[in-house]
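The values are calculated or read from the model by the stated rules, or taken from the named source; none is laboratory data. Everything numeric here is computed off the predicted structure, so don't read it as measured data. So basically every Cβ, Gly included, is an ideal-geometry build from the backbone, and we count neighbours across all protein chains shown.
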Amino acid sequence: MSSPPVRYEVDDGVAWVTLDRPEAANALSEAVRRGLWEATRRFNDDRSAAVLVLTGSGERAFCAGADLKEMSSSGLEIPPPDFLPHFGRNVDVEKPTIAAVNGVAYAGGFLLAQMCDLCLAAESARFAITEPKVGRGAPWAAPLPWLVPPRIALELLLTAEPITARRAYDVGLVNEVVAGVELRARAQEVARRIADNAPLSVRAGKRMVYAAARAVRTAVFDEAEEIWAPVYRSGDAQEGPRAFTEKRPPRWEGR
């Protein structure tokens, strides 16, 4: 019997949610997305877990984003609102969350890292908004200028080139960079430090920070969906995943 693509385990009050599809760079297949929804709901209901840590198995990738082969075969245009759990957007998670990023966090993988409250990164971590390389959309990146300076956000969105863990730290996207072999232990240590604090104080602190940005974040998410809708519906949005599947350069038509 094959193991589930998303694992949930509690270690001393810390829920570890692990994308376990290393042979596919932990890409967001339908099974992985379903597993993430199950893990999120389980954490919300789990009284034994005070903090969630999200990570990926293997050393190569935290999550490389959408499964483009699956996307190509399905002809997906605009992802539905419940495509995957997006903390603070389509599912509320009151308790603190930490992304422990090992390897690449591209596209949807970047989304997962961005949506967590804190982000710890291995030295090998890389972050990129790769959607322009395959003609897809990134409305999920709407809050990025709230996390990093606008010109860094523009660089990520326009070049589609990755930035290193160290640069991500320098621009404020990452809280801490550690050696890969130390990532799990350090994430557990930070999570335990949070879990040792008064839970009502911790949750109120989290709510206050997001409340300060809520008006802007809510409006920008709605506008971002409108901005990216024509991109998702374009022929290029189908050409990108198709070209990836056929292992050839995409032929963009701009429509």
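For the stretch 104-111, indicate whether the set of residues that are out of contact with any strand residue (DSSP E or B) (no Cβ under 8 Å at 6 or more places or on another chain) and in a helix (DSSP H, G or I) is non-empty. Working first, answer last.
Pass one, the stretch 104-111, residues out of contact with any strand residue (DSSP E or B) (no Cβ under 8 Å at 6 or more places or on another chain): 111.
With the extra rule that they be in a helix (DSSP H, G or I), the set shrinks to 111.
Scanning the stretch 104-111, I find at least one residue that is out of contact with any strand residue (DSSP E or B) (no Cβ under 8 Å at 6 or more places or on another chain) and in a helix (DSSP H, G or I), so the answer is yes.
Which residues, taken from the stretch 3-15, are in a strand (DSSP E or B), surrounded by 22 or more Cβ atoms within 10 Å (Cβ to Cβ) and without any contact (Cβ under 8 Å) to a residue 60 or more places away in the chain?
Hits for the stretch 3-15 are VAL6, ALA15.
When you go through ARG89, ARG33 one by one, which is the residue that is touching a residue at least 24 places away in the same chain (Cβ under 8 Å), crowded, with 16+ Cβ neighbours inside 10 Å and part of a loop (DSSP other than H, G, I, E, B)?
Only one candidate qualifies: ARG89.
Residue-by-condition table, conditions (1) modelled with pLDDT of 95 or more; (2) closer than 24 Å to GLY240 by Cβ; (3) crowded, with 23+ Cβ neighbours inside 10 Å:
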| position | (1), (2), (3) |
| --- | --- |
| MET115 | yes, yes, no |
| LEU118 | yes, no, no |
| GLU123 | yes, no, no |
| PHE127 | yes, yes, yes |
| PRO162 | yes, yes, no |
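Pick out the one residue from VAL209, VAL216 that is surrounded by fewer than 17 Cβ atoms within 10 Å (Cβ to Cβ), closer than 23 Å to ALA121 by Cα, of a type in the set (A, V, I, L, M, F, W, C) and at pLDDT below 95.
That would be VAL209, the only listed residue that is surrounded by fewer than 17 Cβ atoms within 10 Å (Cβ to Cβ), closer than 23 Å to ALA121 by Cα, of a type in the set (A, V, I, L, M, F, W, C) and at pLDDT below 95.
Return yes when SER74 is of a type in the set (S, T, N, Q), more than 28 Å from ALA142 (Cα to Cα) and either surrounded by fewer than 17 Cβ atoms within 10 Å (Cβ to Cβ) or touching a strand residue (DSSP E or B) at 6+ places or on another chain (Cβ under 6 Å) (or both) and no when it is not.
The answer is no for SER74.
I'd like to verify a number: residues in the stretch 113-138 that are within 20 Å of VAL32 (Cβ to Cβ), in a helix (DSSP H, G or I) and in contact with a Pro (Cβ under 9 Å, 6 or more places away or on another chain), how many?
3
Working carefully through the options GLY172, GLY180, find the one that is within 25 Å of ALA160 (Cβ to Cβ), touching a strand residue (DSSP E or B) at 6+ places or on another chain (Cβ under 7 Å), at pLDDT 85 or above and small (Gly, Ala, Ser).
On the way: GLY172 fails: touching a strand residue (DSSP E or B) at 6+ places or on another chain (Cβ under 7 Å).
Going through GLY172, GLY180 in turn, just one is within 25 Å of ALA160 (Cβ to Cβ), touching a strand residue (DSSP E or B) at 6+ places or on another chain (Cβ under 7 Å), at pLDDT 85 or above and small (Gly, Ala, Ser): GLY180.
Test TRP252 against the stated conditions and say whether it is touching a helix residue (DSSP H, G or I) at 6+ places or on another chain (Cβ under 6 Å) and surrounded by 17 or more Cβ atoms within 10 Å (Cβ to Cβ).
no
Taking the condition at pLDDT below 95, more than 11 Å from the chain's Cα centre (by Cα), surrounded by 23 or more Cβ atoms within 10 Å (Cβ to Cβ) and over 19 Å from ARG186 (Cβ atoms), does GLU131 pass?
Answer is yes for this residue.
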